[in-house]
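Undergrad: The structure that follows is given in the form of structure tokens.
Every number in this text was worked out from the coordinates using simple rules, so none of it is lab data. Just so we're clear, the structure is a prediction, and the values are computed from it rather than from any experiment. Positions of Cβ are backbone-derived with ideal geometry, glycine not excepted, and every protein chain shown enters the neighbour counts.
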Amino acid sequence: MEISVIASGSNGNCCLVEEKDISLLIDAGKSGREIEQRMQRLGKSAEDIDGILITHSHSDHISGAGVLARRYGVPIYASKEIYSESRFKLGDVEAREFDVKRNFKIKGLDVKPIATSHNVSSCGYVIGNFGLFTDTGKVTKQVEDTLPKLKGVLLESNHDIDMVLNGPYPVFLKQWILSDKGHLSNLHASSLLQAKGKNLNFALLGHLSGNNNTPEVVKEAFETLVKRKMDFSVCSRDNESGKWEI
Ligand SMILES: [Zn+2]
Ligand SMILES: [Zn+2]
């Protein structure tokens, strides 16, 4: 299995998961054109996409999903709740709805939705030994229980708590970001990897905030807290990044 991060940050998210001849996008939160170009630079083609899995209805996760689905005749996969909340932004697309509590298959490949905690209906996904968990204000029991079984993860490391508290955002926004329905901090992400990431070969730290985090601050938090041997990488907010194999 090969993982490519097409985009990761509060300004857009899209992750390509390839297993044999199956190519799936988890989220498509950049314009259709931008995702095509970024895939091209990684030697990939948007024509090969077999499905787009949606984590939730926020634009940084679905802004290009409708366009790509229509352009390439690709189905969108979303839970009933996520699809109904995303419908307006997605436009006219073919959607395959699933029950968030059940695993399902796409072309024979097992997909497991994982509960996350956000201010709209949301989930993460496990495909094979890879998991993607972003936009979660707290580490849910399901994420915690799943992590030890994984070989690779893309985990949200959204903000530094002090940067949020001392930053320019209005109080209500700060409270939301730091709440259980907001986003995961560097501290939470690093602590989770230290506690539960014993079998991970790699960890991609993503969905960084543009105002309340920097890649250097993430690295520092990770290196301070995570004593396990693990390949880790901080996802760029501006560029697509490499390929990881499981
Ligand atoms: Zn997001
Ligand atoms: Zn979100």
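Undergrad: Considering the options Tyr125, Val93, Gly29, tell which one lies farthest towards the positive end of the dipole of segment 2-245, charges being +1 on Lys and Arg and -1 on Asp and Glu at the Cβ, about the Cα centre.
TA: About the Cα centre, the residue reaching furthest to the positive side is Tyr125.
Undergrad: So what's the gap between the Cα centers of segment 190-246 and segment 168-182, to the nearest angstrom?
TA: If we compute the Cα centre of each part, the gap is 22 Å.
Undergrad: Looking at Ala189, Ser209, Asn166, which one has the Cα that reaches farthest to the positive end of the dipole of segment 134-246 (charges on Cβ: Lys, Arg +1; Asp, Glu -1)?
TA: Towards the positive end, the residue furthest out is Ala189.
Undergrad: If the viscosity is 1.306 mPa s and the temperature 10 °C, what translational diffusion coefficient in µm²/s does Stokes-Einstein give for the chain when Rh comes from Kirkwood over Cα pairs?
TA: Working: Rh = 17.7 Å.
After rounding, the answer is 90 µm²/s.
Undergrad: When 1/r is averaged over all different Cα pairs and the result inverted, which Kirkwood radius in Å belongs to segment 109-181?
TA: Values: mean 1/r = 0.0753 Å⁻¹.
Evaluated over segment 109-181, this radius sits at 13.3 Å.
Undergrad: Treating the beta-carbon of each Lys and Arg as +1 and of each Asp and Glu as -1, no other charges, what is the dipole magnitude of the chain about its Cα centre, to the nearest 20 debye?
TA: On the way: 31 positive and 32 negative charges, 88 e Å.
The calculated dipole for the chain is roughly 420 debye.
Undergrad: I would also like to ask the following. Please compute the contact order of segment 2-245 in relative form: average sequence separation of alpha-carbon pairs under 8 Å and at least six residues apart, divided by the residue count, as a percent. Mind dumping the intermediate values first?
TA: Details: 567 pairs, mean separation 47.1, N = 244.
Relative contact order comes out at 19 percent.
Undergrad: Right, here's the next one. Listed here are the pairs Lys105/Lys181; Lys219/Lys243; Lys30/Lys198; which of them are more than 24 Å apart at the Cα? The partial results should precede the final answer.
TA: Values: Lys105/Lys181 28 Å; Lys219/Lys243 20 Å; Lys30/Lys198 33 Å.
Those over the limit are Lys105/Lys181; Lys30/Lys198.
Undergrad: Could you give the size of the charge dipole of segment 1-135 about its Cα centre, using +1 on the Cβ of each K and R and -1 on the Cβ of each D and E, expressed in debye and rounded to the nearest 20? Working shown, then result.
TA: Numbers: 17 positive and 19 negative charges, 18 e Å.
Result for segment 1-135 is approximately 80 debye, rounded to the nearest 20.
Undergrad: Which of the listed residues, Thr134, Ile114, Cys15, is farthest toward the dipole's positive end in segment 2-245, when Lys, Arg count +1 and Asp, Glu count -1 at the beta-carbon?
TA: Sorting the options by dipole projection puts first Ile114.
Undergrad: On a C-alpha basis, how far is the centre of segment 40-63 from the centre of segment 97-112 in Å? Whole number, if you could?
TA: Taking the Cα centre of each part, segment 40-63 and segment 97-112 sit 17 Å apart.
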